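Throughout, read-outs are computed from the coordinates displayed, never taken from laboratory work. Because the structure is a prediction, the values reported are computed rather than measured. In this analysis, Cβ positions are derived from the backbone assuming ideal geometry, glycine residues included, and neighbour counts consider all displayed protein chains.
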Amino acid sequence: MLYKLTNLRCEYLTNPLAIETQQPRLSFEGLCTREGAAQSAYRIIVANSKELLKAGKGNLWDSGRIESNQSLHIKYEGRKLKSFQQVFWKSIVWDESGHLGSWSKAASWTMGILKENEWKAHWISNYLDMSNTSPLFRKEFKATKKVRRALLHVTALGLYDIKINGRDVTDDLFAPGWTDYSKRRYYRAYDVTTLLKKDSNCIAAELGEGWYKGVMGWDKNHWQGYGNQIKLLAQLRIEFEDNSVETIATDKTWKSLFGHTVQSGFYCGETVDAQLEPKGWQKVGFDDSSWAPAGDHGASHSVPADQPAVPLESYPAEPVRRTEEIKPLKMWSISPGKVIYDFGQNFSGWVRLQFKGKAGAVIRMRFGEMVNDDKTLYVENLRNALSTDTYVMKGANHEVWEPKFTFHGFRYVEVSGCPVAPNVNNVMGIVIGSDTTPVGEFECSNPMINKLYSNAVWTQRANFIEVPTDCPQRDERLGWTGDAQVFIRTAICNMDVAGFFTKWMNDLMDAQGSDGAFPNVAPNILVNSGLKNGDAAWGDAGVVCPWVLYQCYEDKELLAKMYPHMKAWIGYLKKTSKDFLRGPQYIPPHSQFGDWLSMNAVTPFELVQTAHYAYATDITRKAAEVLGITKDVKHYGGLCNDIKKAFNKAYVKKNGIILGDTQTGYLMALKFDLLNDKQSELAVKHLVANIKKKKNHISTGFIGTAIIMSVLRDKGHLELAYRLLENKSFPSWGYSIVNGATSIWERWNGWTKEDGPGNVHMNSYSHYAYGAVVEWMFDTIGGIDHKGCGFQHITLRPQPGGSLKYSRAQFHSPYGLIKSSWVKRKSHFSYDITIPPNTRATVVLPVKNLDRVKLNGRKILAQESITIDTEGIHLGAGTYSLQF
């Protein structure tokens, strides 16, 4: 059976259009069902045409046969490439027996704009643009010769929606994305060859405020925006068959007018008066003689004259897109002309309207996550976010509308002003989010746990919008760093987030202070809020996240890029400590979240601060070891030991009680390896006693919840962990589910039978932090984890417990699909697994004696080809069935 290749990627992306490094990293997956299938060597060829590639000629690079099982992050080492150049590549491998496989299908990448002076476009705006109304821009041009290829490079200070000849250039949403615009600005590239017509064409764009000018934060004094005027920068590069090139770029020859989107913002919503839209303005032949010339802000390439010098760079991740459509389950009237639709799922996005009505009829939509007891919309938890979309009809026979510059977090929508009697077909829920590929699936015999998994996935989808936000509904929606670092491993179980977090690492670096302190949110718009940088667990995201990304995606290059920033963070921690201890007396005020939103259990701030000081230092030591920086390995190893000694002396009593006597206090000490063996035994006893004292319930906040299950498992209390997982009484994961949750709540007491909704000042029903338990569901119930760095060596170790009778889990790793399914029937246990090509697995079964174990119907101990040692059963690629 030939060893085939699939899923070819360049810098995590499929056929990207704007690569800026001269040595992009190439990756592929093996495809072979034969047992033991592995790669022993590879060859990559890169050509400047499809024809040469098809002929097997790599005129840009031919790696030759490379004896290696590497299939991730292989650096291109060919000829130097130029801006706009498209190249084509494919790969082939030799299998474990030295047999040559088959060539992969062709893939490609295109170089971005590598030199600043290759930007021919000028930043343009509407000179009168000081209002909330979105400006329109248009330009007609001719393409009189046969077009070979046309690439559009575009960005904005604000958001853009761009069309050619009335057709969408892209399905990207909220482009060019969110950054600290004073430090980093992204552009995006699109192949628009098929959109161009012979002779006359029109390119047209509409801008929205977005993150650049729009309101951000719960207090208007926190953030005044990155700028006051939104701008567009675009250039269309047309390559003709005769090898000539023409560039159509934004400049003062473009025309501009204020349009029909009279207000747009992420918090307030979007208002569109369809009567104001100039008919046909996006197409050739429209009369724009009354439009004003666009404001030209200078030919300084990528830097507007009134802005700091910030060169542009290509966007490195998957865009935000529409990912699903949801029909409402039911609707009801709450007053004449006002109805509520229930979509049955809390999600991020908006509603698409379909109505027939008179010109000037006003339809309003308000969004909410819950309804009150009287079935009216609950919006108190939105704080100052109006979360209202308004559409003024133009009077057509059939009108369809949806917003483009806003989004909401909601399950319910209240619609008023309907011109005709509404029905469920008048609206459609549009789900949006960063378009990260789903890679995980999980199911077990407990429906409540399945719902918990579903809720965590939906909450990730709702909050991974450009950055990992805390919530999608209220006047916040920020990239809280603590939430992200406790959830990142779960995020990896659910989606391919390599590109997404690569982009967010840039945001973290940009927001790091000159003192080395990482922020509490990234991008950091809370600079005037009083919340200072540098809090434990939140600032530690700058260390934890790159390390986890390295562990799961083997991204050593990203780790090396982040390493100086990790060192600077440890330097900050050291400067704000005394005698290796950290606490409120050493750090700036208003930056102590501690074990955020714990239940009646306050873990002392100094304990949280010092424990995370040791944790971050140890991770930095490990990073130094990976990067071969021997001096730093020794330095950070010594520092970590000093912190541990100080921690034990200051906070751990001889009887093992840790300061505060909280679940999270013991969990941190155990998870971060801060105790000796005797102290660990005592800490486990106190932890278990604390849980039992609370009638086998959890009392942890964001920090403790992320680690409680793995600590209990690793310390011999697996059944107690299952008890916590399967609890349905308050506080527990199950409590929200039996009370109707379709997403993860911010607080354990977000809603209770006794009190109804929780504190309206901070009560999101879509907040993923407590969903970090999904990591445990995959690595403990499903049994899937990596062994060491990356998934080329896999651990398959299911640990059944509680009421569970079966589990089915799968994870599409960077090497291919891993499957792990078990069924328990009385004294019989069956376990089916799939190990992808070019990987191996260590299988650990929940049985002490392997005498009864059969592998594919034969006793495993009788199979001499199978290696078994104290670590487990070692298997190569293939599909296997084990029973005992």
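Pop the C-beta distance of Ala689 and Thr870 into the FRET formula with R0 = 35 Å and round what comes out to the nearest 0.05.
Working: r = 32 Å, r/R0 = 0.93.
With a Förster radius of 35 Å, E is 0.60.
Partners of Lys252 within straight-line reach, counting aspartates and glutamates whose Cα lies under 16 Å from its Cα and excluding those fewer than 8 residues away in the same chain: Asp129, Glu140, Asp288, Asp296.
Per q in 0.17, 0.24 1/Å, what log10 I(q)/I(0) does a Debye calculation on the alpha-carbon atoms of segment 114-161 return? Each listed q corresponds, in turn, to -0.78, -1.17.
Candidate cross-link partners of Lys220 among the lysines, defined by an alpha-carbon separation under 25 Å and a same-chain spacing of 8 or more, comprise Lys183, Lys231, Lys404, Lys532. Counting only Cβ charges, +1 for Lys and Arg and -1 for Asp and Glu, the dipole size of the chain around its Cα centre is about 1500 debye.
Remark: segment 201-282 is approximated by an ellipsoid whose semi-axes, taken from the C-alpha gyration tensor as √(5λ), come to 32, 18, 10 Å, largest first.
As a rough guide to protection, the peptides 521-533, 500-512 ranked by mean Cβ packing within 10 Å, highest first, stand as 500-512, 521-533.
Net charge dipole, segment 347-422: roughly 320 debye, given to the nearest 20, about the Cα centre with Cβ charges of +1 for Lys and Arg and -1 for Asp and Glu.
One quarter of the convex hull surface built on the alpha carbon atoms of segment 643-749 amounts to 6.8 nm², the projected area averaged over directions. Dipole size of segment 39-175 about its Cα centre, with +1 on Lys/Arg Cβ and -1 on Asp/Glu Cβ: approximately 840 debye, rounded to the nearest 20. Screening the chain for whole DSSP H helices with an alpha carbon extent of at least 27 angstrom along the helix axis and a mean Kyte-Doolittle hydropathy of at least -1.0 yields 556-575, 605-627, 630-651.
Centroid-to-centroid, using Cα positions, segment 519-551 and segment 617-663 are 20 Å apart. Phi angles of segment 362-369 translate, via the Karplus equation with coefficients 6.51, -1.76, 1.60 and θ = phi - 60°, into HN-Hα couplings of 10, 10, 10, 10, 10, 10, x, 8 Hz per residue; Gly and Pro are given as x.
Within segment 156-241, all pairs of alpha-carbon atoms sorted by distance into 5 Å bins from zero give the percentages 3, 13, 22, 21, 15, 11, 7, 5, 2, 1, 0, 0.
Pairwise Cα distances in segment 755-863 exceed 22 Å in 44 percent of cases. Each part gets one Cα centre, and for segment 124-179 versus segment 49-103 those centres are 36 Å apart. Divide the volume of the convex hull around the Cα atoms of the chain by the residue count and you get 174 Å³ per residue.
Over 31 Å between Cα atoms, which of Lys653/Lys692; Lys80/Lys146; Lys213/Lys753 qualify? Over 31 Å Cα-Cα: Lys213/Lys753.
Can you give the percent of C-alpha pairs in segment 31-159 whose distance is more than 24 Å? Working shown, then result.
On the way: 4368 of 8256 pairs.
Everything past 24 Å amounts to 53 percent.
The alpha-carbon of Lys4 sits under 16 angstrom from the alpha-carbons of these lysines, leaving out residues fewer than 8 places away in its chain: Lys90, Lys105. When the alpha-carbon atoms of segment 228-339 are used, the pair Rg, Dmax equals 20.6, 66 angstrom. The distance from the alpha carbon centre of segment 451-481 to that of segment 341-376 is 21 Å, rounded to a whole number.
Whole number please: convex hull volume per residue, Cα atoms of segment 37-112, in Å³. Don't skip to the answer; put the middle values down first.
Working: hull volume 6.6 nm³, N = 76.
Dividing the Cα hull volume of segment 37-112 by its residue count gives 86 Å³.
Ranked by the mean number of other Cβ atoms within 10 Å per residue, highest first, peptides 575-586, 557-568 order as 557-568, 575-586. From most to least packed by mean Cβ count within 10 Å, the peptides 58-71, 261-274 give 261-274, 58-71. Shape annotation for segment 476-579: C-alpha extents along the principal axes are 37, 32, 22 Å, from largest to smallest. Projecting the Cα positions of Ala234, Trp254, Gly214 onto the charge dipole of segment 209-260 (unit charges on Cβ atoms of Lys, Arg, Asp and Glu, taken about the Cα centre) puts Gly214 furthest along the positive direction. Size of segment 320-385: Rg and Dmax of its alpha carbons, in Å, are 13.5, 37. Note on segment 368-472: Kirkwood radius taken over Cα pairs, Stokes-Einstein applied at 10 °C and 1.306 mPa s, translational D equal to 94 µm² s⁻¹. Using +1 at the Cβ of each Lys and Arg and -1 at the Cβ of each Asp and Glu in segment 293-406, identify which of His297, Leu353, Ile334 lies farthest towards the dipole's positive end. Going by the Cα projections, it comes out as Ile334.
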